[in-house]
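Before any comments, here is the structure.
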Amino acid sequence: MTDKPIIQVQGLEKSFPTPNEKSSTQVFGDIWFDVHEGEFVCLIGHSGCGKTTMLNILAGLDKPTNGVVLVDRKDVRGPSLDRAVIFQGHALMPWMTAMANIDFAVSSRWPEKSREERRAHCQEFIDLVHLTGAETKKPSQLSGGMRQRVGIARALAIEPRIMLMDEPFSALDALTRGSLQDELVSIVHARKQTSFMITHDIDEAILLADRIVLMTNGPEARVCEIVENTLPKPRSRTNLHMHPNYYPMRNHLIEFLVNRSKNFKEEIASASYDPKKPPVARPMAADTTAALAAPQTIAM
Amino acid sequence: MTTTQPPWAKALALSIIILGVFLLSWHLFVLSKQGPAVKMDPELAELLGPTAKGKSAIPSPADVGKEIWGHITNPFYDAGPNDKGIGIQLAYSIARVLTGFFLAALIAVPLGFLIGMSNVAQRALDPFIQLLKPVSPLAWMPLALYTIKDSETSSIFVIFICSIWPMLINTTFGVANVRREWLNVARTLEVSSWRTAFRVILPAAAPTILTGMRISIGIAWLVIVAAEMLVGGTGIGYFVWNEWNNLSITGVISAIFFIGVVGMLLDLALARAGRLVAYVE
């Protein structure tokens, strides 16, 4: 992870007009955070805080009411091949085979490539997500997990600068989700892929993220705090919970989701809260002295 | 007794039984209508038709079967304007239906595509479509005859006007309801509008469009018979009317049979085409 931010979210706000169209409801506002090169950032929040809207704005599919998203210091004006999206549903074209779905993306990225070159390129990513043998299958012939693998391969195959993921595993059963998370960890780690993921799964966030952005409940959701993952990399599901920092991390996040996400307004009233620099927390085991070392840390 | 018969075998057996019962009751009904022959000059009796000879006016299944077989074995004879083989008449009708149908498709599909892409166009054109859709195609006939002044072209126009609506409405609906996700995928991949139209929207809407086409061809085949009865000259509709004028109920019944068979084949062809573009979500 370097200090060079790829994504800069600055004062982002999204409001929707109320049914009588006289006023508007702010879903979230005054959102500031960065995603750095090679970093994996997760955004956690309850449903209704505008997580998907936020991701769509980052992807360029939706426009903010206020504020900007900068990618490489340039204003996001629309979707780009630099930002691949893995959608909540797999969003595969059901009339195309797994290979054709990936090729649709690859040929959009490199229209000049020959059929053979594209084929070899697609095959590389099919193999990467362990779908070798399923190339000619249609999405309806694949299991839920395999479909999302095709979705991941499609996103990775265009070699994007940033991968944006909208709860990619939420529709899968726990076992499938686990194995896909493991694979995503190793792929992202090996490729140093800058990623931004939306989730409501705490364990998923702890496993995958370098930093976790906590969003309070909507309407008028804010970034409550940014949690740095204190668990060392590489992380794996099998031994994650053995680390002394695991439970402090987990409890911190649960405490947030259960209590603080809804009482945040009182919390900022009593503390010095600067939306441009949301407090940073580094939950650690009690015997680790650096627990509250960061200057902007809020005491738990 | 075997209990492992496939379901289609049972269905086929039942179909044959139903057909048998139908033909038998038809035959018995015709038999019951037969009375003694009236004594008269045989030439006059010939002119007055079968009833004068003591036979029922309704032909028996065997008569109709014989007639149908006659048409099947000799479908393409041409013995003057009022006596052409049923194959020729059907070919005329099919040609008209297909011409009108494909002209309609040529306009309805691209137009429906454009309307489906735009919310404003959808709302703006909806009243016109809703108003014109329920009009019986035959109501257009006088207008067509007056403006086009050619019966052949007029009947093609009537087919065109009746097949355009289901295709237009279904194309619009199919295009407007393409899953947002798929369009978003295309957008994030910076796919051009043309490529999105052909690689995403068209395949996504194809099953709905094909359903519209299937409805259209069904309506077109219904309408052509009536249209040809009006304009006359050639075609299966004219054939039916001509047989009626000849008081040949046998001819009318066999024509009904052939109309049914061709309609079924047209529907089957479109159903096949629909299966080619179908997808499972």
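The values are calculated or read from the model by the stated rules, or taken from the named source; none is laboratory data. Predicted model, so just to flag it, every value in this text is computed and none were measured. All Cβ positions, glycine included, derive from the backbone under ideal geometry; neighbour counts span all protein chains shown. In case anyone asks, the SASA skips ligands and DNA or RNA and just uses the protein heavy atoms, side chains included. Shrake-Rupley method; radii C 1.70, N 1.55, O 1.52, S 1.80 Å.
Roughly how tilted is helix A:174-191, in degrees to the nearest 10 and between 0 and 90, from the longest Cα axis of chain A?
Long axis of A:174-191 versus the principal axis of chain A: about 90 degrees.
Quick one: how many Å² of A:Ser179 are accessible to a 1.4 Å probe, rounded to 10?
Accessible surface of A:Ser179 is approximately 40 Å².
What number, in percent, do you get for the relative contact order of the stretch A:123-207 if the mean sequence gap of Cα pairs under 8 Å and at least 6 apart is divided by its residue count?
On the way: 63 pairs, mean separation 25.0, N = 85.
RCO, the stretch A:123-207: 29 percent.
Provide the per-residue ³J(HN,Hα) series for the stretch A:125-130, in order, calculated from phi with Karplus coefficients 6.51, -1.76, 1.60 and θ = phi - 60°, each as a whole number of Hz, with x at glycine and proline positions.
Per-residue couplings from phi come out as 7, 5, 5, 4, 9, 6 Hz.
Most fluctuating residue of A:Leu55, A:Leu240, A:Leu175 in a GNM of chain A with Cα springs under 10 Å: which is it?
A:Leu175
Roughly how tilted is helix A:98-109, in degrees to the nearest 10 and between 0 and 90, from the longest Cα axis of chain A?
70 degrees
Return the carbon/sulfur percentage of the accessible area of the stretch B:95-148, one whole number, probe 1.4 Å, all protein chains in place. Show your work: numbers first, answer last.
Values: 2540 of 3330 Å².
Exposed carbon and sulfur together represent 76 percent of the surface.
Can you tell me, using C-alpha contacts under 8 Å and at least 6 residues apart, the relative contact order of chain A as a whole percent?
Relative contact order, chain A: 22 percent.
Longest exposed-loop-site-free stretch of chain A, with GluC sites (Glu not before Pro), DSSP loop and at most 11 other Cβ within 10 Å?
On the way: sites that count: A:Glu21, A:Glu112.
The longest such stretch corresponds to A:113-300.
Shape call for the stretch A:73-124 from the C-alpha gyration tensor, a ≥ b ≥ c root eigenvalues: rounded (a/c under 1.5), prolate (a/b greater than b/c) or oblate? Provide the component values of the computation, followed by the final result.
On the way: a/c = 2.65, a/b = 1.32, b/c = 2.01.
In terms of gyration-tensor shape, oblate.
Can you list residues from other chains, or at least 5 along the same chain, whose modelled amide H is less than 5 Å from the amide H of A:Ile86?
Excluding prolines and chain starts, which carry no amide H, the hits are A:Leu164, A:Met165, A:Asp166.
Which entries of A:Lys113/A:Lys138; A:Lys14/A:Lys138; A:Lys74/A:Lys192; B:Lys33/B:Lys66; A:Lys22/A:Lys51 have Cα-Cα distances beyond 30 Å here? Let's see the in-between values first.
Numbers: A:Lys113/A:Lys138 24 Å; A:Lys14/A:Lys138 37 Å; A:Lys74/A:Lys192 22 Å; B:Lys33/B:Lys66 20 Å; A:Lys22/A:Lys51 25 Å.
Those over the limit are A:Lys14/A:Lys138.
Any idea of A:Asp75's accessible area? Nearest 10 Å², probe 1.4 Å.
About 70 Å², ignoring ligands and nucleic acids.
With both partners inside chain A, how many of the DSSP beta bridges are antiparallel, as a percent to the nearest 5? Walk me through the intermediate numbers first.
Details: 21 of 42 bridges.
Counting DSSP beta bridges with both partners in chain A, the antiparallel share is about 50 percent.
What angle do you read, to the nearest 10 degrees and between 0 and 90, between the alpha-carbon axis of helix A:144-157 and the longest principal axis of chain A?
90 degrees
Cα gyration tensor of the protein assembly as shown, axes a ≥ b ≥ c as square roots of the eigenvalues: rounded (a/c below 1.5), prolate (a/b > b/c) or oblate?
Details: a/c = 3.34, a/b = 2.72, b/c = 1.23.
Prolate, because a/c is 1.5 or more and a/b exceeds b/c.
Under 8 Å for C-alpha pairs, at least 6 residues apart: give me the relative contact order for the stretch B:135-226, rounded to a whole percent.
Numbers: 74 pairs, mean separation 37.4, N = 92.
Contact order relative to length: 41 percent.
For the stretch A:191-247, give the magnitude of the charge dipole about the Cα centre (Cβ charges: +1 Lys/Arg, -1 Asp/Glu; no others), in debye to the nearest 20.
Details: 7 positive and 7 negative charges, 71 e Å.
Around 340 debye, computed over the stretch A:191-247.
Can you list residues from other chains, or at least 5 along the same chain, whose modelled amide H is less than 5 Å from the amide H of A:Thr25?
Under 5 Å from the amide H of A:Thr25: A:Phe16, A:Thr18.
So what does B:Leu19 come to for accessible area, using a 1.4 Å probe and Å² rounded to 10?
Per-residue accessible area (B:Leu19): approximately 100 Å².
Scan around A:Glu225 for amide H atoms under 5 Å from its own, H built in the peptide plane at 1.01 Å from N, and keep only partners 5 or more places away or cross-chain.
Distant-sequence amide H within range of A:Glu225: A:Leu214.
Report the Cα centroid-to-centroid distance between the stretch B:182-214 and the stretch A:68-147 in angstrom, as an integer.
Between the Cα centres of the stretch B:182-214 and the stretch A:68-147 lies a distance of 17 Å.
Hey, any idea what % of chain A's accessible area is carbon plus sulfur with a 1.4 Å probe? Walk me through the numbers before you get to the answer.
Details: 6780 of 13230 Å².
That fraction is 51 percent.
Any idea of the total accessible area buried by the B-A contact, 1.4 Å probe, rounded to 100 Å²?
Details: alone 17130 and 14160 Å², together 29430 Å².
In total, chains B and A hide about 1900 Å² from solvent.
Can you name the helices of chain B, as whole DSSP H runs, whose Cα span along the helix axis is 15 Å or more and whose Kyte-Doolittle mean is not below 0.5?
Numbers: long enough: B:7-33 (39 Å, 1.57); B:61-73 (18 Å, -0.24); B:86-117 (45 Å, 1.84); B:119-132 (20 Å, 0.46); B:151-176 (38 Å, 1.31); B:202-231 (41 Å, 1.66); B:249-277 (43 Å, 1.82).
Qualifying helices: B:7-33, B:86-117, B:151-176, B:202-231, B:249-277.
By the gyration tensor of its Cα atoms, with a ≥ b ≥ c the square roots of the eigenvalues, what is the shape of the stretch B:96-233: rounded for a/c under 1.5, prolate for a/b over b/c, or oblate? Mind dumping the intermediate values first?
Values: a/c = 2.96, a/b = 2.42, b/c = 1.22.
Note, shape of the stretch B:96-233 comes out prolate.
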